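Beneath this line is the structure, given in structure tokens, with notes to follow.
The values are calculated or read from the model by the stated rules, or taken from the named source; none is laboratory data. As the structure is a computational prediction, the values presented were derived from the model and not from experiment. Positions of Cβ are generated from backbone atoms using ideal geometry, with glycine treated the same way; all protein chains shown enter the neighbour counts. SASA here: full protein model, heavy atoms, side chains in, ligands and nucleic acids out. Shrake-Rupley method; radii C 1.70, N 1.55, O 1.52, S 1.80 Å.
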Amino acid sequence: MSSELQKHFLLATIPAMGHIRAESGIVCELVKLDPHLLFTVLIPSAVALVFTQELAQWSVTEAESARIRIIGMGEGGKPEPGKAMEWLFQVLHAEGAELRESYQTIIERGSLTCTTTGTVFDYRHIAPPSATFCDMFAPGFAPFIKETTPDVKIINLWITTPGAILWHHGKEEHGGLFGWDVRTKAVFEKGEDGGRTFDEVARAVHSKPHTGKLLPNADGTKLFDYESGTNGTGPLPISVLMGSLRQATQIADASITATTSAFEPGSLKVLQEWYEGELGKKLFNFGPLVPFSAAPYKAPPLAAQGPFQPVYEFLDSHPLKSVMLVSFGSVFYPSQPWQLETIFKTLLETRTPFITSRAPAMYQPLDPELEKTIKESGLGLIVDYVPQRDIIKHPSLGSFLTHGGNNSMFESIAADVLNIFWPFDADQPIHAAYMTEVIRVGDAMKPPARGGKIEGTPAAVATEFKQILSEIKGAIGERKRGNLMALRQQMFEALKEGGEVQSDMDACIKLASA
């Protein structure tokens, strides 16, 4: 590869499945748009092969995939059950040094060896990258890039939607944390720290008391402050949160969102006015960052189904739109087993077929007797892993009990599958509120401020869930599907060739190449 013929961008990602899926889409779509672009992907070895496998989802040709260099760093491994977050931050801690060392080798035109495959990548004849695309949680990499190579553009990857971005990174009037570090330092300057560490003070500034007030939102989404806390998952480290905020608002030249103007248009307008108008940075909207296709479901050949054959057989054996998928992504899972056990018992009682898996890193084993009952009933299927993206368009799949993560939500929109939201953390609560309150395509367990009193008992959970199941199977469900299809069509318009998403991708390539 001649350096004169190549534009060279670099991606620094993290070992989180939702981020890998979205960021593989960014890499593939940009490589497809520009035949002169080479992309280097620096990724922890534990998930390097996962990134490679994701390329197939984006229909890249052999020639295009040859311009994507996936380089695993460090050692492999996976988290112990129930310790996903601890493992993630251990990997991130090690990844910081590995990223810096690898980047130094690239700009000095040396050679890098992928620790996953053993492949050696030679950079002697490759121009150093003109831009680095940094995951929003890439550990301290963006400051190092700017210190080492000040002219290299930093593109921050917000793998989420405008409302969530404003909620976490916007100004205080947006409900966000912009200026968080300044407000934390002010506590020390005023002598009000009381002997606490910086992290302890920062956590106190971050964790404001919940008063039941509505958080600001330009789309009319009703989200109450007590819904913004974690749901049994534990807080993210201050260093990660504050580093992410600094990367996006101070260091980056531009940011990418996973949205179009059809989704949260009010919040997107506010975000653009603040990020571009006040901070003077560029904002590019790359769409859902999941393969968003109108193509009908096509079952894989029997030989290709492999270990997932029981999943396809289960779906094939049930009527149209009758099966519920119960999945909370690759990490999250209810921390109190009785809650999900109540859901499963209710599904059995209402004769609602369902599929779920043991895959989440925070998975809690079910009561063995209940698992036996589910198996013997023929109504439920529990497997080690569900190929969610491949089955979500199956005609039998009608609803999805989900955490409301970005990928799961947009995959559901593309597939015309109704969501029942069980949010835990991050962007999930605002997705649940927006889709339920504004678009009116989902259902969410309703907190007191939305009417009713939380009993917090298995009986109360079962009663509410039965009502939701009844509604989605009837006229209310049909109305919601109509709303979902309208949103889906608007997003397809933005994603079509020559549409707003392609326009933003072209503009991003131009900025990153300058």
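Some observations on this one:
- Mean shadow area of region 167-273 over all directions, Cα convex hull, nm²: 8.2
- Taking every Cα-Cα distance in region 1-126 and sorting them into 10 Å bins starting at zero, the pair-distance distribution P(r) comes out as 12, 45, 34, 8, 1 percent.
- 25 °C / 0.890 mPa s Stokes-Einstein diffusion coefficient of the chain, Kirkwood radius on C-alpha pairs, µm²/s: 102
- Alpha carbon centroid spacing (whole Å) that separates region 148-227 from region 256-334: 26
- Extended-chain gain in nm, criterion 0.36 nm per residue less alpha-carbon gap, Gln339 and Lys171: 56.9 nm
- Membrane-span-like helices in the chain, defined purely by DSSP H runs whose alpha carbon atoms cover 27 Å or more axially and whose average Kyte-Doolittle hydropathy reaches -1.0, are 84-107, 475-495.
- Accessible surface of region 218-348 [probe 1.4 Å, protein heavy atoms]: carbon and sulfur percent: 57
- Calculated FRET efficiency for the pair Asp384/Leu302, C-beta based, R₀ 22 Å, to 0.05: 0.65
- Residue-span extension gain [Ala514 to Gln57] - 0.36 nm each, minus C-alpha spacing: 161.6 nm
- Surface/4 estimate of mean projected area, convex hull on alpha-carbon atoms of region 331-384, nm²: 3.4
- Surface accessible to a 1.4 Å probe, per residue, for the residues of region 268-354, Å²: 46
- Each semi-axis of the equivalent ellipsoid for region 95-176 is √(5λ) with λ an eigenvalue of the Cα gyration tensor; in descending order they amount to 31, 14, 11 Å.
- Cα-centred dipole magnitude for the chain, charges only on beta-carbon of K, R (+1) and D, E (-1), debye, nearest 20: 700
- Each peptide among 388-399, 427-438, 92-103, 15-26 gets the average number of other Cβ atoms lying within 10 Å of its residues, and from highest to lowest they stand as 427-438, 15-26, 388-399, 92-103.
- Applying 1/(1 + (r/R0)^6) with R0 = 25 Å to the Cβ-Cβ distance of Asp367 and Gln90 gives a FRET efficiency near 0.20.
- Packing-based order for 166-178, 470-482, using average beta carbon neighbours within 10 Å, highest first: 166-178, 470-482
- As a fraction of the 1.4 Å probe accessible area of region 1-141, surface on carbon and sulfur atoms comes out at 53 percent.
- Using 0.36 nm per residue and subtracting the Cα-Cα separation, the extra length available between Arg196 and Glu108 on full extension is 27.3 nm.
- Estimated FRET transfer efficiency (Asp316, Ile476; beta-carbon r; R0 25 Å; 0.05): 0.35
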